[in-house]
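Asks: One structure follows; several queries about it will come next.
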Amino acid sequence: MADVDGSPALGILELEHVARGVRVADAICKRTEVEILACRPISGGKHLIYLRGGVAEMEEAMDVGREIAGDSLIDSLFLPMADLQLWPAIPDSVKAIGWTSDVILSAGIVETSTICALLGAMDAACKVAEVTVRDVRLGVGIMGKAFFTMTGNLDDVQAAAEAARDEADQRMLALEVIPAPANEIVGMLIQ
């Protein structure tokens with residue numbers, strides 16, 4: 001990681017949907033050489049990704065992030081030489097926890113507008129395929145939205161995602177399937 005006067009570049013991506021935020025973080029990890037400091041849902045049902053790295057690497061990471069975020073991007077910030085006083089304001093990173101499986105897993109993130117829709121979608125997903133629910137957030141701190149993450153073999157995650165989409169119908173806000181997520185994001189939302 002390159003420093004400029006002891007201060008690396010800071011990048012922040014603010015997204016409308018949690019599911020797309022996880023997908024953006026995965027793409028950044030797989031295609032660039034920056035550190036993800038945090039990747040988490042926040043109040044308002046938004047998702048924030050905090051990045052640190054060298055200036056050139058950060059430019060690339062921000063380009064990748066903006067591309068993958070698409071219409072879900074609300075705002076972004078790139079500071080090539082972030083002042084040292086900014087770093088304490090950045091939330092501590094969420095350390096990834098390892099999976100205890102020999103199988104290379106895929107992940108799915110299902111996000112709905114209501115809690116009822118999410119629980120129905122999660123039930124449908126779990127009944128149609130062999131997936132493991134990893135994280136569930138029901139409304140609190142995310143404006144009543146809800147999401148869950150699941151892991152499993154790619155075919156199972158895809159089948160479960162389709163069942164969840166069918167069940168949630170118009171209440172589905174976002175749905176992402178990530179084949180073989182980057183190790184750096186495992187444990188941030190895919191617990």
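Asks: If amide H atoms are built 1.01 Å from N in the plane of the peptide, which residues on other chains or at least 5 residues away come under 5 Å of the amide H of Ala107?
Replies: Under 5 Å from the amide H of Ala107 lie the amide H atoms of Ile178, Ala180, each far enough along the sequence or on another chain.
Asks: On a 0 to 90° scale, report how tilted helix 154-168 is relative to the longest principal axis of the chain, with both axes built from alpha carbons and the result rounded to the nearest 10.
Replies: 70
Asks: Among Val128, Val34, Val22, determine the one that fluctuates most according to a GNM of the chain built with springs between C-alpha atoms less than 10 Å apart.
Replies: Between Val128, Val34, Val22, it is Val128 that shows the largest mean-square fluctuation.
Asks: Per DSSP H run of n ≥ 4, the term is -39500 (n - 2.57); total these for the chain, divide by its residue number, and report the mean residue ellipticity at 222 nm rounded to 500 deg cm²/dmol.
Replies: Values: 4 runs with 58 residues, N = 191.
My calculation for the chain gives -10000 deg cm²/dmol from helical runs alone.
Asks: Considering amide H positions built from the backbone, and no H for Pro or chain starts, which residues 5 or more places from Ala38, or on another chain, come under 5 Å of its amide H?
Replies: Amide H to amide H, under 5 Å and 5 or more residues apart or across chains, Ala38 pairs with Tyr50.
Asks: I would also like to ask the following. Do you know the Lys pair count in the chain for C-alpha distances under 28 Å, with sequence separation 8 or more or different chains?
Replies: Values: Lys30/Lys46; Lys30/Lys95; Lys46/Lys95; Lys46/Lys145; Lys95/Lys145; Lys127/Lys145.
Taking the Cα cut-off of 28 Å, the pair count is 6.
Asks: Expected output is a single nm value to one decimal: the length gained when fully extending between Glu35 and Ser76, i.e. 0.36 nm times separation in residues minus the C-alpha distance. What is it?
Replies: Details: separation 41, 0.36 × 41 = 14.76 nm, distance 1.64 nm.
In short, 13.1 nm is gained.
Asks: Excluding Ala69 itself, calculate the net charge of residues whose Cβ lies under 10 Å from the Cβ of Ala69, where each Lys or Arg counts +1 and each Asp or Glu counts -1.
Replies: Details: positive: Arg20, Arg23, Arg66; negative: Glu14, Glu16, Glu67, Asp71.
So the environment of Ala69 carries a net charge of -1.
Asks: Can you tell me the length gained on complete extension of the stretch Asp169 to Val140, counting 0.36 nm per residue apart and subtracting the Cα distance? Before the final figure, lay out each step's value.
Replies: On the way: separation 29, 0.36 × 29 = 10.44 nm, distance 2.21 nm.
This chain segment gains 8.2 nm when fully extended.
Asks: Which angle between 0 and 90 degrees, to the nearest 10, do you get for helix 115-128 versus the longest principal axis of the chain when only C-alpha atoms count?
Replies: Between the helix axis and the principal axis of the chain, the angle is about 70 degrees.
Asks: Just flag the GluC sites (Glu not before Pro) in segment 111-191 sitting in loop per DSSP whose Cβ has no more than 15 other Cβ atoms within 10 Å. Before the final figure, lay out the partial values.
Replies: Numbers: sites: Glu111, Glu130, Glu162, Glu167, Glu176, Glu184; in loops: Glu130.
Those satisfying the criteria are Glu130.
No value in this document is a laboratory result; all are computed from the given coordinates. Here the structure is a predicted model, which is why all the values come from computation and not from measurement. With ideal geometry, Cβ positions are generated from the backbone for all residues, glycine too; neighbour counts draw on all protein chains shown.
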